Amino acid sequence: MSLKKACAIAGVAESRLGVVPDSTVLTLQAEAFAAALADAGLEKSDVDGILVSGAWGRLPQLQIAEYLGVQPSYADSTSVGGASFEFHLGHAAAAIQAGLCKVAVILYGSTQRSKQDKYIFQIRNDLGYQYEAPYGLPTPVGAYALAASRHFAEYGTTSEQLADLAVSTRAWAGLNPKAYRRDPLTRDEVLDSGMIASPLHRLDCCLFTDGGGAVVVVSPDVARTLDKPPVWLLGQGESLSHAQISEMPDLTVTPAAKSGKRAFAMAGVTHDQIDVTEIYDSFTITVLLTLESLGFCKPGEGGAFLANGRTGPGGEFPLNTNGGGLSYCHPGQYGIFLIIEAVRQLRGECDARQVADAVIALISGTGGVLSSNSTCILGVE
Amino acid sequence: MANETQPIDPDGDPYWAGAAEGELRYRKCGACEASIFYPRAICPACGAPDPAWAVSKGAGSIYACTTVHRAPPAFADNAPYTVLLVDLDEGFRMMGGLAGDANVAVGDRVTVTFREGPDGRPAPYFTPA
């Protein structure tokens, strides 16, 4: 059975972003929840599904549902890192198709910046991680650096090519009033920003911010009653590969290879029909590997694909049009913001950064250390 | 180096005991002959239970490597240092540290040695062959 048009996205919103000291993970999610419902034209009493992921709290689903005053008939807390929300979109679609709920809200919030919740950098030195813990690999950047080193060695990819992606992404951020870093960036500034774990520099790495987001997913019946045009889920696929980087079968091929195939097949669209792409950019290398794995270019060609502003404003391949995790915001698990931006692009709500005539968008969420991936293809028709 | 406590669990106990004796131990499936690392109670290739233990000769090639400049707090005093993924000749991949400060690259041959990890326990590191 296909999930094609099993659901539509009816509302999206961020909470306050950046540094939000007077907040908690619950207040930020409540802000985004209320704003997304208002965007959809729905009431809290309409909500009968909650999907949430986060490393906060003892029982996050219960805590968030209680705080919001929702008693859902369907809930999911699939937690596979930053890609969780792209997984949630598929799971919400399946639940709606099965008649388990009609209005599901996907939620995320983090206060990692202002509260210094460094949970995502803490490796538990037990179970499988005991075999990596002695070597001081910083998580997650060190794992991505290992993947970059392999791609560089195998294909001749360069730091300059990765830097060009950071520059293009910053240029998009310059067009987004909500972006955290908006000043223009040069290739040399990326290369001179200091090495974190070779070959990745500081500006190859995402931001570290607070923030929350919410996405309202509705049944086709509900979608047709609302004022704003529905953004349909056309295809979705998900895949898990490994937990720790030493177990990744091939450091140059991500689980996007499998999730992408499923999403494209379900949607019945081809690569050249995609108008705008929102691809998880925890690090510059994440985007390069994902584009290759999704088949937008051949293995080894990702560096050339990203070079010279091709993915920036005015380029032929609009990518991460909100400024991405590299320049807009990154509160630990970034994936929900990919969905928010894709929906806004398809609705034509993006002002200066709007991609003209965008009708089909591709979203790719990556979680863990290239561990999980979900591809979602959205369309307005 | 900070003293971080690493628990020993039943899966890892023979491996860490081997490291203390200067042996790099891995498991080998009796059913499908897959080389298994990290050690676990089931073969991740075919699902057969209780794979046998074997001892690696400790020779391999660097599959990927990174030099860490911004280190986690427990390792900050040692930075910069290099972390490797090594493909051992017996057919398994593992993470290891680079012992010393030689310049190494993907594809270089290395051999195992044992050094004290952050918790004071011997752990496998590698040196250029």
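The values are calculated or read from the model by the stated rules, or taken from the named source; none is laboratory data. Quick caveat: nothing in here was measured; it's all calculated off a predicted structure. In this analysis, Cβ positions are derived from the backbone assuming ideal geometry, glycine residues included, and neighbour counts consider all displayed protein chains. Just the protein is used for accessible areas: all its heavy atoms, side chains included, with ligands, DNA and RNA removed. Shrake-Rupley method; radii C 1.70, N 1.55, O 1.52, S 1.80 Å.
A few notes on this one:
- Accessible surface of chain B, 1.4 Å probe, proportion on carbon and sulfur as whole %: 48
- Computed FRET value (nearest 0.05) for B:A102 with A:T24, which takes r as the C-beta separation and R₀ as 41 Å: 0.25
- Chain B: relative contact order in percent, alpha carbon pairs under 8 Å with at least 6 residues between: 24
- Averaged over the residues of B:59-67, the number of partner chain Cβ atoms lying within 10 Å of the residue Cβ comes to 6.
- Inter-chain shielding of A:242-250 (mean C-beta neighbours from other protein chains, 10 Å cut-off): 3
- The mean number of partner chain beta-carbon atoms within 10 angstrom of a residue's beta-carbon across peptide A:266-279 is 0.
- For B:D77, the accessible area of its heavy atoms, probed at 1.4 Å with every protein chain present, is near 140 square angstrom.
- Zone of B:T127's modelled label, taken as backbone nitrogen in the stretch A:127-150 under 20 Å from a point 7 Å along Cα→Cβ: A:135
- Of A:K4/A:K258; A:K102/A:K258; A:K5/A:K261, pairs whose Cα-Cα distance is over 20 Å: A:K102/A:K258
- Scoring A:76-84, A:283-291, B:65-73 by mean Cβ neighbours within 10 Å over their residues and listing the highest first yields A:283-291, A:76-84, B:65-73.
- Calculated on alpha-carbon atoms, Rg and Dmax of the stretch A:239-381 in Å: 14.2, 43
- Alpha carbon centroid spacing (whole Å) that separates the stretch A:97-111 from the stretch A:310-381: 20
- Its DSSP H runs of at least 4 residues, each contributing -39,500 (n - 2.57), put the calculated 222 nm mean residue ellipticity of chain B at -1500 deg cm²/dmol, to the nearest 500.
- Given chain A, longest segment not containing exposed loop trypsin sites (Lys or Arg not before Pro) (DSSP; at most 13 other Cβ within 10 Å): A:225-381
- Carbon plus sulfur fraction of accessible area for the stretch A:254-381, probe 1.4 Å, in percent: 48
- Between A:T186 and B:V55, the modelled labels are 5.9 nm apart [label points 7 Å from Cα along Cα→Cβ].
- Solvent-accessible ranking of B:E90, A:E349, largest area first, probe 1.4 Å: A:E349, B:E90
- Among the chymotrypsin sites (Phe, Trp or Tyr not before Pro) found in the stretch A:317-381, not one is both in a DSSP coil and sparsely packed, with 11 or fewer other Cβ atoms within 10 Å of its Cβ.
- Calculated FRET efficiency for the pair A:E154/A:R202, C-beta based, R₀ 22 Å, to 0.05: 0.35
- Comparing the full protein assembly with the isolated chain, the residues of the stretch B:82-110 losing at least 30 square angstrom of accessible surface (1.4 Å probe) are B:V83, B:L85, B:R93, B:M95, B:V106.
- ³J(HN,Hα), Karplus 6.51/-1.76/1.60, whole Hz, each residue of the stretch A:356-369, x for Gly, Pro: 5, 6, 6, 10, 10, 10, 10, 10, 10, x, 10, x, x, 10
- Chain A contacts chain B over a buried accessible area of about 2800 Å², both sides summed; the probe is 1.4 Å and only protein chains count.
- Where a label projected 7 Å from the Cα of A:R16 along Cα→Cβ would reach, residues of the stretch A:329-357 with amide N under 19 Å: A:329-332
- Taking every C-alpha pair closer than 8 Å and separated by at least 6 residues, the mean separation divided by the residue count of the stretch A:45-196 gives a relative contact order of 17 percent.
- Two-site label geometry, A:A55 and B:A74: point separation in nm, points 7 Å out along Cα→Cβ: 1.5
- On the beta carbon distance between A:T270 and A:A356, with R0 = 22 Å, the FRET formula returns roughly 0.65.
- For the stretch A:1-145, carbon and sulfur atoms together expose 54% of the accessible surface, with a 1.4 angstrom probe and every protein chain in place.
- Isolated cysteines in chain B, defined as those with no second cysteine Cβ under 4.7 Å, comprise B:C65.
- Heavy-atom surface of the stretch A:56-97, accessible at 1.4 Å and reported per residue (Å²): 43
- Potential extension, A:S193-A:K298 segment - 0.36 nm per residue separation minus Cα distance: 34.8 nm
- Given their separation in residues at 0.36 nm each and the Cα-Cα distance between them, A:E349 and A:M1 gain 122.0 nm when the chain is fully extended.
- Assuming charge only on the beta carbon of Lys and Arg (+1) and of Asp and Glu (-1), the dipole of the stretch A:204-305 about its Cα centre is about 360 debye to the nearest 20.
- Taking chain A and dividing mean pair separation by its residue count, relative contact order in percent (alpha carbons under 8 Å, at least six apart): 26
- In the complete set of protein chains, residue-level accessible area for B:V86 is approximately 0 Å², probe 1.4 angstrom.
- Per residue value of the accessible surface for chain B (all protein chains in place, 1.4 Å probe), Å²: 46
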